[in-house]
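Working notes, beginning with the structure itself.
The values are calculated or read from the model by the stated rules, or taken from the named source; none is laboratory data. For clarity, every value in this text was computed on a predicted model and none was experimentally measured. With ideal geometry, Cβ positions are generated from the backbone for all residues, glycine too; neighbour counts draw on all protein chains shown. Areas reflect the complete protein model, heavy atoms only, side chains present, ligands, DNA and RNA absent. Shrake-Rupley method; radii C 1.70, N 1.55, O 1.52, S 1.80 Å.
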Amino acid sequence: MKKIQTKKIILLLLFAFILPLLNVSAYTPKDLSRYAKEINEAQNWKLEGQVELTKQQISTVYNGAMEGTPLWNNHTVQWLTVGEESAVKPVVWSVGGAENWKATNLDRTIQDYETTHPGYIVVGAVNGDFFDNSAGGTGEPTNFHVQEGDVLRAKAPGGSYRGVLGFGETNKDHVAVFGQQRESNMSLEVLQNGKTVETLTVAGTNKTPSESGVNVYTKKLGENVNLSGYVVYEGTYTKYRDYSGGYFLKGTITGKADVTSLSSVEAGKFYVAAKSEVLTAGANVKVEYNLAGELAGIENAVGFIYQVLKDGQPQYANTTSANNDNALFINTTHPRTLVGFKEDGSIVLMVIDGRGSVGDNLEGASLFQCGELLRLAGCVEGYNLDGGGSSTLMARINGEMTLINDPSDARQTGQPWGVLRSTGNAVLLVMKDPKLQVQEPVGNSITLKKTGEVVDGTLQNVTLNVDGKEYEMTGNEVTVTGLIPNMEYSVSYSYEILNKDGTIDKGTSHTYTLKTEDYAFPELKDFEESKLEEGVVTFKYRVKDDNAVVSKMYVKNGDVETLVEGLSGKVSVNVADTTVENEFVLMAELTNGKVVELAKLVYAAGSIPKAENTPVDPGTSDNPTDPGTNDSGCKKDLALVVTGLITMASLGLIVLKKKR
């Protein structure tokens, strides 16, 4: 909560005070169309995965009514645009438990997705479909809900204006349909590695068995059924969703059940009965309504109410109760959440804030105004999701999900800013985490590091961009040195992920603004092996420190730190265990208290000859002034211990400072 609150204050300061001051020449707002004009200039941020965040205050004509004196409404609008070549995919997600639907806020929904999908990150997100938020309600969405191929809810509510948005394999594959597009019977699908390998028709659920197809029995069974003559399988489920007119079940067949009748089924279990052997113990299965028509094969789906932009034309201009029974909903200037698509199929997620004052530019929008604002964002079709206090948009800024809009619930109820309404589901923009991290500048250098392995793929062609100059990564990092101290630089990176299926995802980071420190960083000239003996490795080192920022240096091997004397020379390190991989890291403690890594050498297990009956020593230096080479062994050990404690303390302070 505090984190979101702080970000809100920063954003408000940015939009209200700092940005106008930076604009030396006064900006003249432009007319955007017959129905819209700028209040101020749009602000844009490039995010991960070729996604762009835009925020702007715009005034539009209420309901598109231009007759007489038009009424203008002032909006604060924010939207996410997925780039034409982006590998980001839209995913519809809800949290829930093993048994039930569960409404939760957008922040927790994002956390749940990332927790259950290691190696993936959410770049941006908005709330999704309308849902059951009545007192004691289930929290389930009101329309179809498909999440990563699982049809958790396959029932369309009434109303010709209610539809389903389906998303396919890429961010450009989508369909918008109206009505009940599903198979007439449920199916039991046998899964291998998450893919369907066999489909069996479900003849019935919780009723007298049929000899054709399979029969499924769940915790909703309310009568005694005779299963004599049937092969009965018992299973346990990991996910069960019940809704009026259907259900979804996913689990594992544990084996055959020695039963001839059933009158009840305990929670967490299910049974399948068939006239012949159709399943095996250990089989992973799911029971659901398969999608049909245009929705067939869709991976994710969310419900919407009203198409607000069609063929590039905003809908519902001049709507009245005389020509539409839902004119009140259509015309009211609510906060709104929208999904739009450009001509090439790429997706736009938009939130329009509302239920505020004219002066705050938080008036909300009618559906016509929604269509016009989507059109101005480059869309040719657009759809209205759940709005009001549900309307929320978040984006990944500097590695953290950040609340971008101003949700109305907190303002209307007097709660702290950042308290979000729980909703039934959400539309997330997700991508593989490239496992790259731009480090805070150290001295006059900037480094991009690889932090781990990419899931189901290989990272390649990584390039660091510093003020327009490109530097290719070799190995696990790339460092740009020799930058001007105390200077701001624009930093970004690009990369490719070679997926296991041979496809390539191209990605770019958002742009960081980093300021180098007000001193020059020491420059490594040499760190290499000089001599290899039984249980001992001697290194040659040389460091350039023209600005005298190094207070001491040492070689770190596991928990042992071996001090070195001067900026050049040789240092011998005794190795306690040669049977394991050994890392030798040349570290420098700077005059400002920072401890930095200058170089690292790694020796494979067994590559260092084993010392025979040699006592372990913290290390010696070839430098004649090294106190470790004299006969004052106790003094040397004490000095090393004290130095180690000081180093650990400085590291601890740095860690604490970062945590704060």
Here are V571, V585: which of them is closer than 15 Å to A599 by Cβ, in contact with a Phe, Trp or Tyr (Cβ under 7 Å, 6 or more places away or on another chain), open to solvent by less than 30 Å² (accessible area, probe 1.4 Å) and of a type outside the set (G, A, S)? V571
Those strands (runs of 3 or more DSSP E) lying entirely in segment 418-465 with at least 1 residues over 19 Å from L598 (Cα atoms): 426-432, 436-438
Of all residues making up segment 539-554, the number that are open to solvent by 10 Å² or more (accessible area, probe 1.4 Å) and over 16 Å from N444 (Cα atoms): 4
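Any residue at all in segment 470-477 that is buried (at least 19 other Cβ atoms within 10 Å of the Cβ) and within 30 Å of N592 (Cβ to Cβ)? Break it down into steps so the answer makes sense when it comes.
Taking segment 470-477 as the starting set, the residues that turn out to be buried (at least 19 other Cβ atoms within 10 Å of the Cβ) are 473.
If we keep only those that are within 30 Å of N592 (Cβ to Cβ) as well, we get 473.
Yes, segment 470-477 contains at least one residue that is buried (at least 19 other Cβ atoms within 10 Å of the Cβ) and within 30 Å of N592 (Cβ to Cβ).
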Could you list, in sequence order, all residues of segment 223-252 that are in contact (Cβ under 8 Å) with a residue 40 or more places away in the chain and among the small types (G, A, S)? G229, G235, S244, G245, G246
Where V455 falls short, out of the listed (1) out of contact with any Lys or Arg (no Cβ under 8 Å at 6 or more places or on another chain); (2) surrounded by fewer than 23 Cβ atoms within 10 Å (Cβ to Cβ); (3) within 25 Å of N499 (Cβ to Cβ): (1)
Residues being open to solvent by 10 Å² or more (accessible area, probe 1.4 Å), hydrophobic (A, V, I, L, M, F, W, C) and over 15 Å from Y247 (Cα atoms) - total across segment 166-195: 5
Please name all residue pairs, on different chains or six or more residues apart, with Cβ atoms under 6 Å, provided the first residue is in segment 360-377 and is closer than 15 Å to E38 by Cβ and the second residue is assigned to a loop (DSSP other than H, G, I, E, B). E372/Y35; L376/L32
Name the residues in segment 400-417 that are touching a residue at least 24 places away in the same chain (Cβ under 8 Å) and outside any strand (DSSP E or B), would you? I404, N405, D406, P407, S408, R411, Q412, P416, W417
Those residues of segment 226-273 which are at pLDDT 95 or above and among the aromatic types (F, W, Y), in sequence order: Y230, Y233, Y237, Y240, Y247, F248, F270, Y271
Kindly list, by first and then second residue, each pair from a residue in segment 201-217 that is closer than 17 Å to K269 by Cα to a residue that is basic (K, R) and open to solvent by 40 Å² or more (accessible area, probe 1.4 Å), limited to pairs with Cβ atoms under 7 Å and residues at least 6 apart or on different chains. N206/K220
Spans of strands (runs of 3 or more DSSP E) in segment 549-660 with at least 3 residues within 39 Å of the chain's Cα centre (by Cα) and at pLDDT 50 or above: 550-557, 582-590, 595-603
Evaluate segment 501-511: report whether one residue or more is within 30 Å of V602 (Cα to Cα), in contact (Cβ under 8 Å) with a residue 12 or more places away in the chain and touching a Gly at 6+ places or on another chain (Cβ under 8 Å). no
Taking into account only those residues within segment 486-519 that are in contact with a helix residue (DSSP H, G or I) (Cβ under 9 Å, 6 or more places away or on another chain) and in a strand (DSSP E or B), which is most open to solvent (accessible area, probe 1.4 Å)? K506
Tell me, please, whether a residue that is under 23 Å from D173 (Cα atoms), open to solvent by 70 Å² or more (accessible area, probe 1.4 Å) and not hydrophobic (A, V, I, L, M, F, W, C) can be found in segment 252-269. no
Select from segment 479-530 the residues that are more than 23 Å from N465 (Cβ to Cβ) and touching a Pro at 6+ places or on another chain (Cβ under 9 Å) and write down the one among them that is modelled with the lowest pLDDT. Y519
Taking segment 284-312 as the search range and keeping residues that are among the polar types (S, T, N, Q) and open to solvent by 20 Å² or more (accessible area, probe 1.4 Å), which one is nearest to V92 (Cα to Cα)? N290
Being aliphatic (A, V, I, L, M), closer than 25 Å to P522 by Cβ, open to solvent by less than 60 Å² (accessible area, probe 1.4 Å) and assigned to a loop (DSSP other than H, G, I, E, B): is that true of L483 here? yes
All-but-one check, L200 against (1) part of a loop (DSSP other than H, G, I, E, B); (2) closer than 20 Å to Y247 by Cβ; (3) open to solvent by less than 40 Å² (accessible area, probe 1.4 Å); (4) not β-branched (V, I, T), failing number (1)
Select from segment 318-335 the residues that are open to solvent by less than 50 Å² (accessible area, probe 1.4 Å) and either closer than 22 Å to V77 by Cα or of a type in the set (F, W, Y) (or both) and list them in ascending order. I330, N331, T332, T333, H334, P335
Among what's in segment 36-61 and is open to solvent by 50 Å² or more (accessible area, probe 1.4 Å) and not polar (S, T, N, Q), pick the residue that is farthest from the chain's Cα centre (by Cα). K37
Return the residue satisfying two criteria in turn: it lies in segment 388-435 and is open to solvent by 20 Å² or more (accessible area, probe 1.4 Å) and farther than 30 Å from F304 by Cβ, and of such residues it is farthest from the chain's Cα centre (by Cα). G414
